[in-house]
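These notes are about the structure you will find just below.
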Amino acid sequence: MHGINKVAIIGSGQMGGGIAQISAVNGFETVIYDLNSDALTRCEGFHNKLFARGVEKGRMSDDDVAGAKAKLNYANDINAIYDADIVIEAVIEDVDLKKKIFAGIADKFTDNQILATNTSSISITDLATSVGDAADRFIGMHFFNPVPVMKLVEVINGLATSEETTKRTIALSEAMGKVAVPANDRAGFVSNRVLMPMINEAFYAWMEGVAEPEHIDEIMKLGMAHPMGPLRLADFIGLDTCVHIMDVMAEGLNNDRYRACPLLKQLVVAGRLGNKAGRGVFDYSK
Ligand code: 3HC
């Protein structure tokens with residue numbers, strides 16, 4: 001059993017917000033922490049929209065919504081997270097920032113408390129160097145966007161992760177309605193090792209004029225039964241995140257075949273980061 005009553009999440013972006021939502025909906029006392037109170041307000045607004053949609057679609061009753069909301073706390077005081085049984089960090093894919101956050105909180109999480117990261121590509125063993133003696137309670141818990149919809153949690157052990165930490169994390173993932181699948185601690189794990197080169201190749205196909213972006217996506221949707229084409233998916237993930245993940249794999253796997261396509265990098269430089277910026281490969285401003 002997981003022995004978890006309270007879940008803390010650090011970072012209230014699309015991943016952190018989604019994790020907080022499924023945590024509360026599945027009955028866990030939940031606190032979502034962010035330095036930025038505007039981001040927390042946006043997150044709460046998004047939760048309310050999704051709850052209203054759940055009621056409209058008959059997936060949730062008014063009582064379910066009231067129950068989930070009562071479990072959800074939005075905090076911009078870090079002290080609110082320390083009594084959680086697990087903290088799940090879900091900030092941007094920046095190794096130094098993640099290490100700084102864990103180094104700042106590790107000594108407050110003692111006993112049986114688990115330190116988890118929702119990193120999509122960075123080595124768990126490397127991140128665990130920031131938590132000192134707590135490395136046995138440190139683990140990768142990689143969720144997928146949109147978190148309430150996607151069934152997978154990729155679970156990644158670092159070199160020092162204990163068997164008990166793994167078992168509790170798998171049990172927690174299942175209690176949140178997910179299927180936990182293990183992967184080893186190599187840059188990009190399995191999910192992004194396979195997904196990102198496909199997305200990167202779609203940018204090369206566009207850059208080399210093999211087809212227009214709409215046609216590249218249409219070919220992959222209709223021919224390969226992907227729910228979204230790779231370019232729209234890149235916009236959905238965030239083009240900056242795609243570049244970060246490619247960089248982590250190029251460095252971590254020491255292989256130039258993971259270098260980000262110049263066109264993908266150029267769009268990031270231009271601020272065309274995808275859905276969140278209103279424009280990426282495609283225009284979302286309307
Ligand atoms: N949060 C919660 N629910 C959402 C949502 C969100 N952000 N976006 C969509 N949904 C729900 C909708 O409410 C809808 O359910 P409902 O109609 O019953 O309310 C359902 O999902 C389907 O949504 P739509 O009808 O609006 O649209 P689609 O049928 O096109 O589905 C999609 C949208 C689920 C996003 C689908 O296109 C899809 O599965 N795309 C692929 C997503 C994917 O590959 N994700 C993984 C990205 S990689 C990743 O996250 C890892 C990281 O490390 C990079």
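The values are calculated or read from the model by the stated rules, or taken from the named source; none is laboratory data. These numbers were taken from a predicted model, which means no experiment stands behind them. Every residue, glycine among them, receives a Cβ derived from its backbone with ideal geometry; neighbour counts consider all protein chains shown. For accessibility, only protein heavy atoms count, side chains too; no ligands or nucleic acids. Shrake-Rupley method; radii C 1.70, N 1.55, O 1.52, S 1.80 Å.
Points worth noting:
- With all protein chains kept in place, the per residue accessible area of the chain amounts to 48 square angstrom at a probe of 1.4 angstrom.
- In the calculated pair-distance distribution of the chain, the portion above 25 angstrom amounts to 48 percent of the Cα-Cα pairs.
- Helical content alone sets the calculated 222 nm signal of the chain at -14000 deg cm²/dmol, taking -39,500 (n - 2.57) per DSSP H segment of four or more residues and averaging over every residue.
- Shape category assigned to the range 77-169 from the gyration tensor of Cα positions, a/c cut at 1.5: rounded
- Per-residue ³J(HN,Hα) for the range 44-59, Karplus 6.51 cos²θ - 1.76 cosθ + 1.60, θ = phi - 60°, Hz, x for Gly and Pro: 5, x, 5, 4, 4, 4, 5, 5, 4, 5, x, 5, 4, 8, x, 7
- Principal-axis analysis of the Cα atoms of the chain puts helix 239-252 at an angle of about 80° to the longest axis.
- Estimated FRET transfer efficiency when R0 is 51 angstrom, pair TYR204-LYS57 (beta carbons, to 0.05): 0.85
- Shown for the chain: the carbon plus sulfur share of the solvent-accessible area, taken with all protein chains present and a 1.4 angstrom probe, equals 53%.
- Annotation: amide H of THR117 within the under-5 Å range of GLU89, ILE139, GLY140, MET141, sequence separation 5 or more or interchain, hydrogens built in the peptide plane.
- Percentage relative contact order, the range 6-183, counting C-alpha pairs under 8 Å, at least six apart: 22 percent
- Volume in Å³ per residue [convex hull over Cα atoms, computed for the range 134-286]: 132 Å³
- Point-charge dipole on Cβ atoms (K/R +1, D/E -1) for the range 47-186, about Cα centre, debye to 20: 520 debye
- Taking all protein chains together, THR125, THR169 sort by accessible area into THR125, THR169, largest first [probe 1.4 Å].
- With θ taken as phi - 60° and the Karplus curve 6.51 cos²θ - 1.76 cosθ + 1.60 applied, the whole-hertz 3J(HN,Hα) list for the range 178-190 is 10, 9, 8, 10, x, 9, 7, 7, 10, 3, x, 6, 9 Hz, x standing for glycine and proline.
- Here the range 191-276 is treated as a Stokes sphere of Kirkwood radius computed over C-alpha pairs; at 37 °C and 0.692 mPa s its diffusion coefficient rounds to 255 µm²/s.
- Whole-Hz ³J(HN,Hα) from phi, Karplus 6.51 cos²θ - 1.76 cosθ + 1.60, for the range 108-115, glycine and proline x: 8, 9, 10, 6, 9, 6, 9, 10
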